[in-house]
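What follows is a set of notes on a single structure, which appears directly below.
The values are calculated or read from the model by the stated rules, or taken from the named source; none is laboratory data. Quick caveat, the model's predicted, so the values are computed rather than measured. Using ideal geometry, Cβ is built from the backbone for each residue, glycine included, and neighbour counts are taken over all protein chains shown. Accessible surface is based on the protein model in full, side chains and every heavy atom, while ligands, DNA and RNA are left aside. Shrake-Rupley method; radii C 1.70, N 1.55, O 1.52, S 1.80 Å.
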Amino acid sequence: MNSDRQRKQAAEIMLRYRTGQISRRETLRFLAGIGLATAGVGAIGMGVISTGAASITSLPAGQGYGGHGGLHAALLRQDAGTPAPAATPPLGNQPDGTHIWRVRVAGMDMENSIDLQAFFPGEITINAGDAIYFEFPTPPGFHTVTFLSGQEVPPLIIPDEAAGTPPASPPPGPPKLIINPDAAFPAGDTMYDGTGYLNSGLDVIRLPGDAPFMVTFTAPGTYEYQCIPHGVVMKATVVVQEAGSELPDDQATIDTRVEQERVALIDEGKAEIAEYAQATSTSGDNGATVWEVAAGMGEGQARVLQFMPNTLEIKAGDTVRWVNHSKTEPHTVTFLGAGAEQPEDVFIEPGPSGPPKIVQNPLTLFPQGGQVYSGQGYVNSGFLGELNGEPLPGGVSYELTFDTAGEYSYYCILHASGPEGPGMAGTITVS
Ligand SMILES: [Cu+2]
């Protein structure tokens, strides 16, 4: 199909979706009709529904991005609808004597906004010839099931080579960044013998009607696997015995253990919430106060996606410092003041051939706005956190001074629908 025509059609469909003329379901069907279903469900599921290219703007000096990967762009978009869960394959004994097992991929404790970044169970023992059904969460997160077989983890965000070198002057912009298709889309054979690159692709771009993601293990061995966006903590093991060996656990025993593992992680998250429930404060210049608020908590597999505390009353002239206490899980602190529009974090750009591009918006990745907030304009910390021990574009903490009385809502672009939530949002009241 002519790609220009395809792009125009996609833009038209998305416009009709955004203006409420067609439903999400119809949108998916129309997009599927022009070969863009995968982009469509990602776009809708993640709350990003543009088919336009990212606008590249000039950024403060020293905020360059090296292009190494691992950035996470998860969005919780509870109001965007929930895809129908995929049918569960028949678990347990199969007629041919093999087994189908279930491993659960991550999951959210909605009550406390604790993201459980683990595979459940963390280790499973099966026999050669058996298959594992990897059950993704509903609604989807931003996870993959990836067997690297000793290869390097592919970077999650990469420069778009097709975009060419940005013009050197004036002004120099960052390279156009995209979600690496090697990470985003399925790759490899689902018969796994311990070699090669096998990737489920991101759960958020799976279609509601997609077949369940299953891997059949053909050779005995001990195999590590991981989630690409959350690989610092989200790793697990499959032990494959010779065919016909005695199995240590059945699925029911495993499910009981899984429940214990989940409860333990939720308790870990609750302890983090209790620890950071109160803002701390120190004296700043001229009698002003510097307040400290947690922007995410939990360095292990329990990641609290909240600002703590999420409401704070301060005086004009005070400064708030947000610190990411869950450094390998990026967050933003973002104010949409008067005149600001809510930015999309990523854009879907249909490609001339092959899968569409998922383009990272530099306005969300990099800091924007000044150090003082008066209720005006777009003010963004950029991604706060660390990657491979190096700070993300926003650093690990972010400070903003408030000079004007008012009530200001803010949010994390990656984990909330907007400043009023739902998701990771907060309010600063200045008197
Ligand atoms: Cu966040």
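Odds and ends about this structure:
- With every protein chain in place, the range 381-426: carbon and sulfur % of accessible area (1.4 Å): 43 percent
- Heavy-atom accessible surface of the range 82-270, averaged per residue, reaches 44 Å², computed with a 1.4 Å probe.
- A simple packing score, the average count of other Cβ atoms within 10 Å per residue, orders the peptides 365-377, 240-252 as 365-377, 240-252, with the highest score first.
- Carbon plus sulfur fraction of accessible area for the range 213-313, probe 1.4 Å, in percent: 48 percent
- Reach of LYS357 by Cα under 17 Å, taken over lysines that are not fewer than 8 positions away in the same chain: LYS8, LYS176
- Ordered by 1.4 Å accessible area with all protein chains kept, TRP101, TRP291 run largest first as TRP291, TRP101.
- Beta bridges per DSSP with both ends in the range 82-270, % antiparallel, nearest 5: 65 percent
- Qualifying lysines (Cα of each under 26 Å from Cα of LYS235; at least 8 residues distant if same chain): LYS270, LYS327
- Per residue, the accessible area of the range 279-359 comes to 38 Å², computed with a 1.4 Å probe over protein heavy atoms only.
- Area of SER149 that stays accessible when all protein chains are in place (1.4 Å probe, Å², to 10): 50 Å²
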